[in-house]
Amino acid sequence: MIASLKSQRAPGDTHWYLVERWAAEIAVPVSIAAVFLICCRVPLGQIRFNRPAGFFLLIGLASSLPFLLSMRQHNRYIFHSYPFYVLCLAFATDSIAAKLESLLDSKSKFRVAVGLFAMVFFIAGFTSMLAGKDHVRSRKPFYYDIYLQDIRLPERSTISVCPRGIILNDWLFADMMRFYKNSLTPEMGREYLIIAKDNGCSVPPGYREINRPPRIKYILYRK
């Protein structure tokens with residue numbers, strides 16, 4: 001969090017990371033629009049950048065451009081802006097939708113082809129959703145070692161952690177802030193201390209364990 005406030009680049013961040021992610025995400029709806037443009041034989045001159053399209057484009061830029069230019073490069077910062085860009089594209093290509101509706105009403109073969117095309121995208125989306133269902137696995141240590149043990153921590157306090165790397169390279173800092181409104185520091189001596197197992201960190205005198213075994217990764221101590 002301190003690194004974010006100071007606009008310091010986190011480990012693994014690159015200056016163009018968000019631009020690349022933005023381009024990759026927007027390429028999908030743009031490619032779909034281009035395919036329908038070709039299939040429906042809609043002239044490029046009918047693509048109109050109208051006022052609604054401009055409105056949603058400005059909203060999307062307002063919610064993502066500051067992060068695209070910042071030192072902090074995480075996709076979650078601009079994830080919320082993607083729907084506005086898609087809405088902009090939808091209003092700009094409404095002529096394709098009108099042509100597509102006309103062809104669906106008049107040509108049964110085209111209707112079947114579009115149905116198959118939609119089914120392919122549905123299956124691809126559903127498959128990718130199933131493939132990512134265990135994404136929370138990387139955050140299981142927090143849930144099992146701390147949150148699901150019904151541990152109560154005082155809000156707006158700072159907790160010592162060891163090793164230092166779990167502050168920047170782990171989801172622990174985000175989960176502690178989201179569920180407990182707590183910050184983390186590598187400085188020892190706070191009332192609470194979190195140590196990652198098997199990292200060679202020594203526990204200062206006067207601390208006792210307060211979360212129950214078995215523990216996946218984190219051991220929580222209190223003075």
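Some points to look at:
- Test for Glu191: is it surrounded by fewer than 19 Cβ atoms within 10 Å (Cβ to Cβ), touching a Ser or Thr at 6+ places or on another chain (Cβ under 8 Å) and either assigned by TED's automatic domain parsing to the domain that holds His74 or at pLDDT 90 or above (or both): yes
- Subset of segment 194-216 [in contact with a strand residue (DSSP E or B) (Cβ under 8 Å, 6 or more places away or on another chain), surrounded by fewer than 14 Cβ atoms within 10 Å (Cβ to Cβ) and within 14 Å of Gly165 (Cα to Cα)]: Lys197, Asn199
- Selected residue (only one of Leu5, Leu69, Leu61, Leu65 is at pLDDT below 75, out of contact with any helix residue (DSSP H, G or I) (no Cβ under 7 Å at 6 or more places or on another chain) and farther than 30 Å from Ile159 by Cβ): Leu69
- Any hit, segment 162-174, residues being surrounded by fewer than 13 Cβ atoms within 10 Å (Cβ to Cβ), modelled with pLDDT under 85, basic (Lys, Arg) and under 25 Å from His74 (Cβ atoms): no
- In this structure, Ile26 qualifies as under 30 Å from Trp171 (Cβ atoms) and either surrounded by fewer than 16 Cβ atoms within 10 Å (Cβ to Cβ) or not assigned by TED's automatic domain parsing to the domain that holds Trp171 (or both).
- Helices (runs of 4 or more DSSP H) contained entirely in segment 80-181, each with at least 3 residues that are over 20 Å from the mean Cα position of the chain (by Cα): 82-92, 94-106, 108-131
- Number of positions in segment 35-53 that are surrounded by 13 or more Cβ atoms within 10 Å (Cβ to Cβ) and over 15 Å from Val114 (Cβ atoms): 4
The values are calculated or read from the model by the stated rules, or taken from the named source; none is laboratory data. Quick caveat, the model's predicted, so the values are computed rather than measured. Ideal geometry is used to build each Cβ from the backbone, glycine not excepted, and the neighbour counts take in all protein chains shown.
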